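Heads up: the structure comes next, in structure tokens.
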Amino acid sequence: MTTTLTAVPDTASTTADLDQRVALIACGTREDKTQACDSHRKKGAAFVDIASTGAVDALAAAICGSNQGCRKCTGKAVEIIRVYNEEAE
């Protein structure tokens, strides 16, 4: 009987990295900014969950903190979903 070992990707660190990237996008990116604020960092996993559905309006509203996301938050939502989809490939 032969046993073959296969490397298993570290999904916990991959998930944490994605949560952090998404939180930073939601918080707002600029050249010298490397981390999201505490508020957006805590919501990173929730943003990823919403992004997985592809619901731009719902994600924009969650980022904006209102019933309807503003134009700026809608742009952030589109970017987050694009990043999420790239990670899923």
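The values are calculated or read from the model by the stated rules, or taken from the named source; none is laboratory data. Because the structure is predicted, anything quoted here is derived from the model rather than measured. No Cβ is skipped: glycine too gets one built from the backbone with ideal geometry, and neighbour counts run over all protein chains shown. Side chains included, ligands, DNA and RNA excluded: accessible areas come from the protein's heavy atoms. Shrake-Rupley method; radii C 1.70, N 1.55, O 1.52, S 1.80 Å.
The table below lists the values:
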| read-out | value |
| --- | --- |
| Test: K76 is assigned to a helix (DSSP H, G or I) and open to solvent by 50 Å² or more (accessible area, probe 1.4 Å) | no |
| Residue check for T15: modelled with pLDDT under 90 and either among the small types (G, A, S) or surrounded by 12 or more Cβ atoms within 10 Å (Cβ to Cβ) (or both) | yes |
| Number of the condition not met by Y84 [criteria: (1) loosely packed, with under 14 Cβ neighbours inside 10 Å; (2) in contact with a helix residue (DSSP H, G or I) (Cβ under 8 Å, 6 or more places away or on another chain); (3) closer than 17 Å to D17 by Cβ] | (1) |
| Count - residues of the range 22-44 that are exposed (fewer than 15 other Cβ atoms within 10 Å of the Cβ), assigned to a helix (DSSP H, G or I) and of a type outside the set (S, T, N, Q) | 2 |
| Residue match in the range 49-70 (condition: within 11 Å of the chain's Cα centre (by Cα), in contact (Cβ under 8 Å) with a residue 24 or more places away in the chain and not in a helix (DSSP H, G or I)) | yes |
| Of all residues making up the range 71-89, the number that are free of Cβ contacts under 8 Å to residues at least 24 places away in the same chain and of a type in the set (S, T, Y) | 1 |
